[in-house]
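Here is the structure we will look at, set down as structure tokens.
The values are calculated or read from the model by the stated rules, or taken from the named source; none is laboratory data. In this text, all values refer to a predicted model and were calculated from it rather than measured experimentally. Every residue, glycine among them, receives a Cβ derived from its backbone with ideal geometry; neighbour counts consider all protein chains shown. These accessible areas exclude ligands, DNA and RNA; they are computed on the full protein's heavy atoms, side chains included. Shrake-Rupley method; radii C 1.70, N 1.55, O 1.52, S 1.80 Å.
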Amino acid sequence: MTTRRVRGASLGLVIIMMNILLVAALVIATSSRSVSELFNPDDAAPTDLEGPAPDDVSETAPPAPTWTAVPPPTRTETATEPAGLAGRYADGEDLTVVVLGDQTGSDPADWVRAWAELLAQERTVEYRTPTVSDPTVYGDPVVLGSGESTIHVFNASLVGGTPEYAAERLDLYLPGGTDAVLLNFGRSNSSDDLEDELEQLWSALEDESDAELRTVVQPPRQDGLEQLTEITREWAEQADAPVIDVAEVFDDEGLTFLTVSTRDPLSVNLAGAARWAQIVQLALFDHEIAPPAEADPQPIVEPTLPSATQPTEEPVDPPVEPTGTPPPYTPPPPYTPPPPYTPPPPPPPPDDPTEDPTEPEPTEPEPTEPEPTLPPEPTLPPPDDPTEDPSEEPTFPFPTQPSPGHWSAPEAATRF
């Protein structure tokens, strides 16, 4: 009885195994899965449950992509370098700039003052120049514009200034905390000494200051003397010195012959100074500022005298055009000359007994223009007069005191 039960269980087990094998064979026949994939479902790719692929798609599906988890990068703290002049200017910091140069920047009409006025459109600018009595001492500042931050401009440009002169006086020209120094030389030097003096000044600045340095290449001069533009460029390239090439911009824009003065070849006119200032502003701070709008010209008023000294004139009516036919012309009467002048009788002598002492003295009439009369002709004695002395010359009877109505001889001579 027990043996039959064991055989029956074994037979049932065999039947179950056969059924499993049949199902597995059927699955393998209808799919591309292998036997190992069939019995390892966890490692096999999932069965496509969306049905057969379209006709234009390959029957063999591409393998599924595998994703690999990448750990996030670790952040390392790096030290940030301080921002340059352009960044500090954009952040609104207070900055100090020193210009060491020659006469091309010394006049109030030159580019340094024009640059200060350009900056004053956005910032407060304190502009200083050396005093006349001592060129190594700055005068009181001129405050331009208004703003939350301040740009201090120390303009140490001198007539006849050279790099050697500035190098020997850096402690006087550079205030504490200078942020930038501009070298603007060339007009007072020659090709024999410019490179050596620029090198001397550059070395002194690197030793004594942490400020950013720039070399300005000036526009070419127009007086026929030796040009130093290329010498400045060559020195800057050898010294690895950053440059602000104003000459190149002037040549590209055709401004050299229009702005560099021919009457004063060492400077530029107002238009050249304004463009020079814009070039420096953009190169140093990487920020362009539009030039200030030109004010409308004031009308010219003719000078007038004070009202107290001006004569008062009655208004004159405009002339009235005649109407109708004018009357016939009537000639004026003929000219009648006035009667000849008759002098009054002479007064009687003082010892005249007939004179009445009570009678008032005759009043002399107002002098009038007497009628001209010639003096009497001189009378000469007869030629055979024995009494005549040939040594004596004839005398002319001229009165010593002319009576009224008569002229003296000198007066008659001047009138005729």
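Points worth noting:
- Contacts under 6 angstrom Cβ, first residue in the stretch 241-259 being hydroxyl-bearing (Ser, Thr, Tyr), partner open to solvent by 40 Å² or more (accessible area, probe 1.4 Å), 6 or more apart: THR259/ASN269; THR259/ALA271
- Of everything in the stretch 140-196 that is over 28 Å from ASP94 (Cβ atoms) and of a type in the set (A, V, I, L, M, F, W, C), the residue that is modelled with the lowest pLDDT is VAL159.
- Taken across the stretch 196-207, residues that are among the small types (Gly, Ala, Ser) and part of a loop (DSSP other than H, G, I, E, B) do not occur at all.
- Filter pass, GLU248 being open to solvent by 40 Å² or more (accessible area, probe 1.4 Å) and assigned to a loop (DSSP other than H, G, I, E, B): no
- Restricting the stretch 201-226 to residues that are surrounded by 15 or more Cβ atoms within 10 Å (Cβ to Cβ) and free of Cβ contacts under 8 Å to residues at least 40 places away in the same chain leaves a set whose member that is nearest to ASP110 (Cα to Cα) is VAL217.
- Scan of the stretch 251-282 for residues that are under 17 Å from PHE185 (Cα atoms) and among the aromatic types (Phe, Trp, Tyr), ordered by number: TRP276
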